[in-house]
Every structure is written in structure tokens, then in C-alpha cells.
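Student: One structure coming up, written as C-alpha cells, with questions to follow.
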Amino acid sequence: MYSVRPGSQEEQIGRLILSAMLVLFLPAIPLGNYLIYPFVILSTWYHEMGHGLTALITGNQFEMLVLNSDGSGYAASRIDGGVFDRALIAMGGPLGPSVIGALLILASSARKYWKPALLALAAALVLSTLIWVRSVIGWAVLPLIAAALAWTAWRGDDWLKRFALQFLGMLGALSMFSDLNYLFSESSVVGGQVMASDTGTMEAALFLPHWVWAVLIIAISGLMIGASLKYALNREG
């Protein structure tokens, strides 16, 4: 009888496929929407932190992050730079989940990274909640996720640590598919208000049509996730 060797490439592929299936199909099962809800909020946090951290990197100010109960959110920044800063900050949002997803998938490739990566993500959730989050949903959900990650890092079995990283990495990697309509729209409704989409903001700043920026963002995300998966699957943790 054929058996899969623990830590082998076959096991890694299987876990990544299972993670992807959970992300994609959990909402379709009974009570699945309730089970996936904290991760919907986490996915939005990935996106909005992408905006905020890009603002900081470009020398602007990240003022607050709001997460709404419907899973939407926004990051408010004070932008002192010009149109290029505005465009980069807009791009940082949709790229945020792919960047975080790629890093988590890379971290899942070797045992020595599992605990530090989980603790780093938990610390980032707590610090962002204390510094930038300005909504009840954020205050309620993010610390709970952080506590679960910290418990997993300190007390969880090795398989659980690795699976947590793979699941959260695939959550970021696959979020671009749920954002396709948003990326290819010039505006969206957030918290009951109509706002320019990220690609709509880039169009206003840099003139090229919003769909051009959507295609570019998808291409960059695909390259990052593809490279991280290739690296992780070529290692045996």
C-alpha cells in the first residue's frame, strides 16, 4: 500500500489543496458562513493593512483602519506626497493579501519558521488593533484571532502550526479571486458610502484605465504566490 511520508512534497501539496478547498467551499456548507466570518475579517485586514503600511513606507501617515460587520473596510491615510504616492497606496491594498499570503506560504516550508511566523502575525494583529483599528468588529475579532494564533504557536502540534500557516496563506492568495469584481470597478460601496475603488483611484492619479491597473495587480499577485508555492513545494519541512 502506498503511503505519504510525513513532511514530503506529496503531503505539502495535499495540505495546500485542503487549505484552498476550505477557503473556497467553507461558506457553502451549513453554518460555513459563521465559521469563515473571522477569516473574512482577517482577509479585509490584510487588504487595509496593505494600504496603511504602503502609506508609511512612502513617507505618509496611516491614521486609522475601520472594519465593518459586512466584511468591508477602509484605511484612512494622510497623503502629503503627490499622485505617485496616492497610486502606490491604492495599489498596496489589493497587493496586501498576496504579499502576506506569499510570506505565510514561504514560512510553512520549514519547521524553524512555523512558530515565529505565527507569533509575528499575532503580534501584528494586536499592535494594529491598539494603534490603528477604530471599529468594534476589529476590536472584537482581531484579538481573538491573535490569541488563537499565539496558542497554536506555543501549544499546537507541528501539523497544526504548518496547516495554520498554509490555510492563512491560501486565504491571502485566493482573496484576489473574490476581489475581481472590485478590481475591475471604478467605485464600490463601503459602509453604505460610494467610494472610488483602488484601481479607480489609480486611474484618477495616473490616467491609464482602471482595468489596466487591475490586470497589473493580478499579474504581480500571481507571480508572488506562484513563486512562494514553487519554493515551498520544493522543500520538505
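The values are calculated or read from the model by the stated rules, or taken from the named source; none is laboratory data. Since the model is a prediction, treat every value here as computed from it, not as a measurement. Neighbour counts run over all protein chains shown; Cβ positions are idealised from the backbone, glycine included. Accessible surface is based on the protein model in full, side chains and every heavy atom, while ligands, DNA and RNA are left aside. Shrake-Rupley method; radii C 1.70, N 1.55, O 1.52, S 1.80 Å.
Student: With all protein chains present, how much of the accessible area of the stretch 105-237 (probe radius 1.4 Å) comes from carbon and sulfur, to the nearest whole percent?
Tutor: 69
Student: Among 194-200, 226-232, what's the highest-first ranking by average C-beta atoms within 10 angstrom per residue?
Tutor: On the way: 194-200: 19.9, 226-232: 16.6.
Top of the packing list down: 194-200, 226-232.
Student: Next question, about the same structure. Which value, in debye to the nearest 20, describes the size of the charge dipole of the chain about its Cα centre when Lys and Arg Cβ atoms bear +1, Asp and Glu Cβ atoms bear -1, and nothing else is charged? Kindly include the intermediate steps, with their values, before the conclusion.
Tutor: Values: 13 positive and 14 negative charges, 166 e Å.
My answer is approximately 800 debye.
Student: Continuing with the same structure: Using all C-alpha to C-alpha distances in the chain, build P(r) with 10 Å bins and read off the rounded percent in each one.
Tutor: Result returned by the calculation: 8, 31, 36, 19, 5, 1, 0.
Student: For TYR34, TYR113, TYR46, what's the largest-to-smallest order of accessible area, 1.4 Å probe? Can you show the working numbers first?
Tutor: Numbers: TYR34 175, TYR113 95, TYR46 0 Å².
Ranked from most to least accessible, the order is TYR34, TYR113, TYR46.
Student: Another question about this same structure. Reachable lysines from LYS230, Cα under 21 Å, same-chain residues fewer than 8 places away excluded?
Tutor: LYS112, LYS161
Student: Estimate the FRET efficiency between SER188 and PHE84 by the formula 1/(1 + (r/R0)^6), using the beta-carbon distance for r and 25 Å for R0, to the nearest 0.05. Intermediate results must be reported in sequence, preceding the final value.
Tutor: Working: r = 23 Å, r/R0 = 0.91.
So, using R0 = 25 Å, E works out to roughly 0.65.
Student: Using the Kirkwood formula over every pair of different C-alpha atoms, what hydrodynamic radius in Å results for the stretch 114-184?
Tutor: 13.3
Student: Same structure, new question: Non-local amide H neighbours of SER197 (under 5 Å, H modeled in plane, Pro and chain starts lacking H): which ones?
Tutor: So SER197 has HN proximity to SER187, SER188.
Student: With each pseudo-label sitting 7 Å past Cα toward Cβ, what's the ASP157-LEU144 distance in nm, one decimal?
Tutor: The modelled label-to-label distance comes out at 2.6 nm.
Student: Here's another thing I want to ask about it. So what is the 222 nm mean residue ellipticity for the chain from helices alone, if each DSSP H run of at least 4 adds -39500 (n - 2.57) and you divide by all residues, rounding to the nearest 500 deg cm²/dmol? Walk me through the numbers before you get to the answer.
Tutor: Working: 9 runs with 167 residues, N = 237.
Theoretical 222 nm ellipticity from helices: -24000 deg cm²/dmol.
Student: Oh, and also: Given labels modelled 7 Å from the Cα in the Cβ direction, how far is it in nm from PHE207 to GLU63?
Tutor: In this crude label model, PHE207 to GLU63 measures out at 2.9 nm.
Student: Amide H of SER77 versus every other amide H placed in the peptide plane: which residues, excluding those fewer than 5 positions away on the same chain, fall under 5 Å?
Tutor: Those lying under 5 Å, H to H, from SER77 are GLU63.
Student: Let me ask something additional. Ordering TRP132, TRP114, TRP159 by how much accessible area each has at a 1.4 Å probe, largest first, what is the list? Could the numbers behind the result be given before it?
Tutor: Working: TRP132 45, TRP114 10, TRP159 135 Å².
These residues rank, largest area first, as TRP159, TRP132, TRP114.
Student: First measure r as the distance between the Cβ atoms of ILE220 and ILE131, then evaluate 1/(1 + (r/R0)^6) with R0 = 25 Å and state the FRET efficiency to the nearest 0.05. Each step should come with its number before you reach the end.
Tutor: Values: r = 27 Å, r/R0 = 1.10.
Once rounded, the FRET efficiency stands at 0.35.
Student: For the stretch 78-232, what is the accessible area per residue in Å², given a 1.4 Å probe and the full set of protein chains? Kindly include the intermediate steps, with their values, before the conclusion.
Tutor: On the way: 7410 Å² over 155 residues.
Result: 48 Å² per residue.
Student: Please check which bits of the stretch 165-209 a label hung off ALA76 would reach, taking the label as a point 7 Å along Cα-to-C-beta and the cut-off as backbone N under 19 Å.
Tutor: 188-198
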